[in-house]
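The values are calculated or read from the model by the stated rules, or taken from the named source; none is laboratory data. From a predicted model like this one, the values you see are computed outputs, not experimental measurements. Heads up, the Cβs are rebuilt from the backbone with ideal geometry, glycines too, and the neighbour counts pull from every protein chain shown. For the accessible areas, the whole protein counts, side chains as well, though only heavy atoms, and no ligand, DNA or RNA atoms are used. Shrake-Rupley method; radii C 1.70, N 1.55, O 1.52, S 1.80 Å.
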Amino acid sequence: MADVVVSKDKGGEQRLVSLPLSRIRVIMKSSPEVSSINQEALVLTAKATELFVQYLANYSYRHGGGRDRRALSYSDLAHATQEADAFQFLADILPKKILASKYLKMLKEQMREDEEEEEDGEEDDEADS
């Protein structure tokens, strides 16, 4: 059987999870579908969250440049969310960083494309008339 990692809180009491349960309870109660939260469900949600964060960090470290630097960076996490199918739901939360100048250039190109599409649509409407 797998060993359970137990941490100690401020009072020296052993805990199964290291995330603050009160914060997780607040997040869970923010959903309108949730009326009450069982203590077991709260602990299991906290443990599952810890395991997911640990998996994401390990995956990002192994598949990013963190191993070379011996450190995990934001860019490693962003790269993992872009590349791995399992983390695609995080792509909007952990986007790759770009310079402001590149972003402005992308916006200008997008606006130019939108204008060209509008002009093409107007020409098609005039030709149909």
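What to note about this one:
- Between L42 and L16, the modelled labels are 1.3 nm apart [label points 7 Å from Cα along Cα→Cβ].
- Around the Cα centre of segment 12-122, unit charges on the Cβ atoms of Lys, Arg, Asp and Glu (plus for the first two, minus for the last two) sum to a dipole of about 1380 debye.
- Ratio Rg/Rh, restricted to segment 37-113 and using Cα atoms, in which Rh is the Kirkwood radius: 1.16
- Our summary gives segment 26-99 a relative contact order of 17 percent, counting only alpha carbon pairs under 8 angstrom and 6 or more residues apart.
- Taking all protein chains as shown and a probe of 1.4 angstrom, D92 keeps an accessible surface of around 140 Å².
- Between the amide H of L72 and any residue lying 5 or more places away or on another chain, no distance stays under 5 Å, with hydrogens modeled in the peptide plane.
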